[in-house]
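Working notes for the structure below.
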Amino acid sequence: MKKLFLLFAVAVMAVSVMAYDAPQFSQNPNAIYRLFPTQNMYIYLRLDTRNGKIDMVQWNTDSENRLFTTLSSQNLLPSGQDPKAGRFTLYSTTNIYNFILLDQTSGKMWQVQWSFDALNRMVVPINKLE
């Protein structure tokens, strides 16, 4: 009976650890830059909210592993429009590597995929089904 109880307690603790979500801190929605956590504990996405450009940020306790790199340098702001802080935002998905980028003014959307491999990084439009 003790073994069964111990097994049950371990299973409950394991499930509670797996279900843990890191706290989400409120950010200024009108900031020029915002950080968005990924499900990888070391990777964040830094979004330029004026034009949709995204950098992949890696933090680490080892200084050699702290870095950031461009995920997308494409300016998604429609031509002729002035950049405005807070125009673009990111939404996480259930896929660890994918986010949805939303232009909150026009409603346009893009699938954003981060990866350690540069060939697997992408920002592609999500088009309306006609």
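Throughout, read-outs are computed from the coordinates displayed, never taken from laboratory work. Here the structure is a predicted model, which is why all the values come from computation and not from measurement. Note that we place each Cβ from the backbone using ideal geometry, even for glycine, and neighbour counts take in every protein chain shown.
Annotations
- Residue tally, condition of a type in the set (A, V, I, L, M), in contact with a Leu (Cβ under 6 Å, 6 or more places away or on another chain) and more than 15 Å from Phe36 (Cα to Cα), over segment 68-117: 1
- Single residue of Ile54, Ile126 found to be touching a residue at least 60 places away in the same chain (Cβ under 8 Å) and either closer than 25 Å to Pro29 by Cβ or loosely packed, with under 12 Cβ neighbours inside 10 Å (or both): Ile54
- Pro37 being touching a residue at least 12 places away in the same chain (Cβ under 8 Å) and either small (Gly, Ala, Ser) or exposed (fewer than 14 other Cβ atoms within 10 Å of the Cβ) (or both): no
- Condition check for Trp59: of a type outside the set (S, T, N, Q), surrounded by 15 or more Cβ atoms within 10 Å (Cβ to Cβ) and over 16 Å from Ala31 (Cα atoms): no
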